[in-house]
Amino acid sequence: MNHDIELRTGTPYANLLANHRLFVAAVSDYFDLGENDCLPTAGATGAIEAVRNHVFRTSLRAGPTVLTVCPGYWRARETFAGFGFRVIDLHTEPFGFAMPEATFVARAKEAKPDVVYLSLPNNPTGAIFDPEVVITGAPEETSVIIDLTLPCRAIDARALTRELYQKFRGRRNLFLVGSTSKSHGTAEYRIGWLVCANSDDAVQLKNENRNVVASASVKEALAQLERGSRVLGLIESSFVLLRDGEKQGAFELITPERKVETGYVLIRPRTDAEKLRRVLDERGIRVMWGSEFGLSDHYLRLETLEPRNIMIFVETINNTARPASKMVGC
């Protein structure tokens, strides 16, 4: 009699591993990858941490370095800094918060960092850049992470991931990060992936990362992958509210020369920061202040996926800037 029994790991764990392999196959098919060049991760952060761990293990330096931009994705910065990496910043404020690829590449060649990390589009400014310029310009020994998590209508992350993978296939130390957390609202499921341009890198990273994605997350991911992003209309509605609100003079939208509308926005309030902080705290409106991601508190980062929240914020900041006799309820 032929038995189908699981004594190696037990049935629940065997099912978990089977679902993990199913997710690998689905993501590989989605991006047209070699089947061994993708690692499922716990969100985009899990993918960044996998590369961080790999670089930390293989670096010949006692104190590895990461080159990025400021402002940038604060969680990525903390991921590296908390692990002992020295963060080298290219401050983009002098460039109007645009992303100057040539300057960034020159800095990479000068500093020879262990890792380059960039989000496309930038979190929080929405600034965009040509990733091929960065990839080809970075030193060969530098690991390059391009994070394509943030959704926007102008960039097809699926097509761009496939294009970069095919064009640079075989290049060592190139990693493309993705997630459905923002594009499909699945942050609670921690669905992410790491695409390795080089298969040998993928083998090493798999050996270093033995964790797997939960079966419930895999089920959700498989249901979401073939669906287009559901948040692009919400982002556009939020930016309509922000542009209309900006006309009243209480804040300024930061608009780099090359930018897109995405899941976050950077603004500069024209109201006293302490007064604004007090009003927002009283109203129960939580924002990310500039000092939390490398700027001063003259700047705020806002999430743009919930237009109603943006509407309330715009009404509140505009009322705060008005004389008391002209304030309206919000």
Mind checking whether some residue in segment 251-274 is open to solvent by 30 Å² or more (accessible area, probe 1.4 Å), small (Gly, Ala, Ser) and farther than 19 Å from residue 315 by Cβ? no
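Looking at segment 196-218 only, could you name the residues that are in contact with a helix residue (DSSP H, G or I) (Cβ under 9 Å, 6 or more places away or on another chain), within 25 Å of residue 186 (Cα to Cα) and open to solvent by 20 Å² or more (accessible area, probe 1.4 Å)? Spell out the reasoning first.
In the first step, residues of segment 196-218 are kept if they are in contact with a helix residue (DSSP H, G or I) (Cβ under 9 Å, 6 or more places away or on another chain); the result is 196-197, 201, 204-205, 208-209, 211-218.
This time we only want the ones that are within 25 Å of residue 186 (Cα to Cα), so: 196, 205, 209, 211-218.
If the condition is that a residue be in contact with a helix residue (DSSP H, G or I) (Cβ under 9 Å, 6 or more places away or on another chain), within 25 Å of residue 186 (Cα to Cα) and open to solvent by 20 Å² or more (accessible area, probe 1.4 Å), then 209, 211, 212, 214, 215, 216 are the ones that fit.
Filter segment 219-250 for residues that are more than 17 Å from the chain's Cα centre (by Cα) and open to solvent by less than 30 Å² (accessible area, probe 1.4 Å); which is nearest to residue 17 (Cα to Cα)? So that I can check it myself, show each step before the final result.
Keep residues of segment 219-250 that are more than 17 Å from the chain's Cα centre (by Cα), which gives 219-228, 230, 233-234, 236-250.
The next check asks that each one be open to solvent by less than 30 Å² (accessible area, probe 1.4 Å); those that pass are 221, 224-225, 238-239, 242, 245, 250.
Details: 221: 15, 224: 20, 225: 20, 238: 40, 239: 42, 242: 45, 245: 50, 250: 53 Å.
Residue satisfying both the conditions and the ranking: 221.
Results for (1) buried (at least 19 other Cβ atoms within 10 Å of the Cβ); (2) without any contact (Cβ under 8 Å) to a residue 60 or more places away in the chain; (3) over 23 Å from residue 114 (Cβ atoms), shown as yes or no for each residue.
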residue: 4; (1), (2), (3): no, yes, yes
residue: 7; (1), (2), (3): no, yes, yes
residue: 16; (1), (2), (3): no, no, yes
residue: 21; (1), (2), (3): no, yes, yes
residue: 31; (1), (2), (3): yes, no, yes
residue: 37; (1), (2), (3): yes, no, no
residue: 59; (1), (2), (3): no, yes, no
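Could you grab me the full set of residues in segment 274-290 that are over 19 Å from residue 181 (Cβ atoms) and either within 19 Å of the chain's Cα centre (by Cα) or touching a residue at least 24 places away in the same chain (Cβ under 8 Å) (or both)? Please lay out each step first, then the result.
Of segment 274-290, the ones over 19 Å from residue 181 (Cβ atoms) are 274-285, 287, 289-290.
Of everything in segment 274-290, those that are over 19 Å from residue 181 (Cβ atoms) and either within 19 Å of the chain's Cα centre (by Cα) or touching a residue at least 24 places away in the same chain (Cβ under 8 Å) (or both) turn out to be 275, 276, 279, 280, 283, 285, 287, 289, 290.
The values are calculated or read from the model by the stated rules, or taken from the named source; none is laboratory data. All values reported here derive from a predicted model rather than from experimental measurement. Note that we place each Cβ from the backbone using ideal geometry, even for glycine, and neighbour counts take in every protein chain shown. In case anyone asks, the SASA skips ligands and DNA or RNA and just uses the protein heavy atoms, side chains included. Shrake-Rupley method; radii C 1.70, N 1.55, O 1.52, S 1.80 Å.
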